[in-house]
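Everything on this sheet refers to the single structure shown next.
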Amino acid sequence: MYRIVAISGGTGEPSNSTKLAERILVATSTELGGLGAQVETEVIALRPLAHDLVDMALTGIASDALQAAFDSIRTAHGVVVVSSVYNASPFGLFQLFLQLFPDGGLDGIPVTLGATGGTARHSLVVESHIRPLVSYLKGLALPTTVFAATDDWGAPESVTGLNARVHRAATELARFVTSVPDETRNVFDDLDPEGVTPFDQLLGGL
């Protein structure tokens, strides 16, 4: 059983970011199903967690709902992240979520990057803003990204090529997910005492 989790940083209801995330999840499930694998998917929308994120930023304590979201992502076999774009940068709620996410919490997990915006001019935000955040968390940010502008929704596939881009990204994610045997996955736990360097060892080099 493979678990693929998507993070949607959209603000609308309905949200184009959630629509894109769901489309990538469906395509990835289809690819994995074609390989005979069972798949479980989940979409974590950040809009309902807005107050929890602000509270954690001020107190350092994650709510139960926010902690559950963190845990679900940290134990996933693959992750899809999609943010809406405003003023040439990812929406602040999306950035705050990744900034509060446990350090190294995406260690070794393949991550497909995506974004939505009013115009294709914002597509470079994926590379300039989202990829560095995912890489800092030790996620394996995959090469193929998906950006959907307003004009991509409802226009013919022959014009937009959106379905082709989604399929290409999903195929890539499925390939990376299945390339890592489940028994060798290392879920990073920053509270595990076995993973913490003793203080005397830290001072040993002084």
Check: By how many degrees, between 0 and 90 and to the nearest 10, does the Cα long axis of helix 16-34 differ from the longest principal axis of the chain?
Finding: 80
Notebook entry, point to check: Taking H as built 1.01 Å from N, whose amide H comes closer than 5 Å to the amide H of Tyr86, not counting residues under 5 places away?
Noted result: Phe91
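Calculate, in nm to one decimal, what Tyr86 and Ser128 gain on full extension: separation in residues at 0.36 nm each, minus their alpha carbon distance.
Roughly 13.7 nm would be gained on extension.
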Next item on the list: Could you size up the charge dipole of segment 1-93 around its Cα centre, putting +1 on the beta carbon of Lys and Arg and -1 on that of Asp and Glu, and report it in debye to the nearest 20?
Entry: 240
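Fully extended, how many nm does the chain gain between Asp151 and Asp55 (0.36 nm per residue separation, minus their Cα-Cα distance)? Present the calculation step by step, with values, prior to reporting the outcome.
Working: separation 96, 0.36 × 96 = 34.56 nm, distance 3.61 nm.
Full extension of this stretch gives 30.9 nm more.
Which shape class applies to segment 1-66: rounded if a/c is under 1.5, otherwise prolate when a/b exceeds b/c and oblate if not, where a ≥ b ≥ c are the square roots of the Cα gyration tensor eigenvalues?
Details: a/c = 4.69, a/b = 1.89, b/c = 2.48.
Oblate, since a/c reaches 1.5 and b/c is not below a/b.
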Check: What's the extension gain from Leu140 to Thr171 if we count 0.36 nm per residue and subtract their Cα-Cα distance?
Finding: 9.6 nm
Note to self: I'd like to compare 64-73, 22-31: which one has the highest average count of other Cβ atoms within 10 Å, and what's the full order after that?
What the structure shows: 22-31, 64-73
Notebook entry, point to check: Using unit Cβ charges (K, R positive; D, E negative) and no other charged atoms, how large, in debye to the nearest 20, is the dipole of the chain about its Cα centre?
Noted result: 780
Margin query: Compute the helix-to-body angle for 64-74: its Cα long axis versus the longest principal axis of the chain, expressed 0 to 90° and rounded to tens.
Written below: 80
Notebook entry, point to check: Ile44's amide H: which non-local residues (gap 5+, or another chain) put their own amide H closer than 5 Å, with H modeled 1.01 Å from N in plane and none for Pro or chain starts?
Noted result: Ala6, Ile7, Ser8
Item checked: Rounded tilt (10° steps) of 50-59 against the dominant C-alpha axis of the chain -> 20
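Ranked highest first by the average count of other Cβ atoms within 10 Å around their residues, in what order do 136-149, 8-21 fall? Numbers along the way, then the final one.
On the way: 136-149: 19.4, 8-21: 21.2.
Packing proxy ranking, top to bottom: 8-21, 136-149.
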Check: Mind listing the phi-derived Karplus ³J(HN,Hα) values for segment 162-169, rounded to whole Hz, using 6.51, -1.76 and 1.60 with θ = phi - 60°, and x for any glycine or proline?
Finding: 5, 4, 5, 5, 4, 4, 4, 5
Note to self: Can you compute the modelled spin-label distance between Leu35 and Asp103, with each label point 7 Å from Cα toward Cβ, in nm?
What the structure shows: 3.3
Check: Using a basic spin-label model with each label point 7 Å from the Cα along Cα→Cβ, how many nm lie between Val180 and Met1?
Finding: 1.9
Next item on the list: Along Cα→Cβ, 7 Å out, is where each label goes; now give me the distance between the ones at Ala120 and Glu42 in nm to one decimal.
Entry: 3.6
Check: Residue by residue through segment 125-142, which ³J(HN,Hα) values in whole Hz follow from phi under the Karplus form 6.51 cos²θ - 1.76 cosθ + 1.60 (θ = phi - 60°), with glycine and proline marked x?
Finding: 4, 4, 7, 7, 10, 6, 4, x, 5, 5, 5, 4, 7, 6, x, 8, 5, 6
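All of the numbers you see were taken from the coordinates with simple rules; none came from a lab. These numbers come from a predicted model, not from an experiment. Here the Cβ is made from the backbone with ideal geometry for all residues, glycine too, and neighbour counts use every protein chain on show.
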